[in-house]
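Q: First the structure, then my questions, so here it is.
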Amino acid sequence: MNEKKKLTNDEKYAIAQDLYLDTDKTQKEIAQIAHVTEKTLGKWKAEGEWDLLKSASTVTARKIIENLYKKAHALSEDPKSKPNDIIQIANSIEKLSNKKVTVSQIINVFKDFITYAFTQNAGLAKEINLLQKKYVDYKIGEK
């Protein structure tokens, strides 16, 4: 019933690139998650100029959205501001918001949660961590 779909190279590439750009995972960890060799990952990284992309990611949609929220807040407190100005900002935020959740975003949330969970109940955190790993494998298999 729970058959794993074999990923295409394009899907593996997309997963690897997403993890490389959006997490602090090592190349070895990324290669394991994406089911490729470290050599293949290194080739993709070089050919796709992932390091350049990663350094350029300081200007992310998330940062832009954060700045837009600050601007909207400032406008909301300014009695001279026009409602349309705030509406335009809200529309921009909505357009920039990526509603699709990526595997790297899931991993980052899980990592943050597990760090917290270990402070509360280490045994339970270990069990949850195993489930989280299975869930990430499941999400990768969906692609």
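Q: May I ask you to list pairs of residues, at least six apart or on different chains, whose Cβ atoms are under 8 Å apart, with the first in region 100-121 being closer than 17 Å to ILE15 by Cβ and the second being outside any helix (DSSP H, G or I)?
A: The qualifying pairs are SER104/THR23; ILE107/THR23; ILE107/LYS25; ASN108/THR23.
Q: Kindly indicate the residue of region 50-75 that is of a type in the set (Lys, Arg) and at pLDDT below 85 and also surrounded by the most Cβ atoms within 10 Å (Cβ to Cβ) among those meeting that condition.
A: LYS54
The values are calculated or read from the model by the stated rules, or taken from the named source; none is laboratory data. In this text the structure is predicted, and so the values were computed from the model without any measurement. Positions of Cβ are generated from backbone atoms using ideal geometry, with glycine treated the same way; all protein chains shown enter the neighbour counts.
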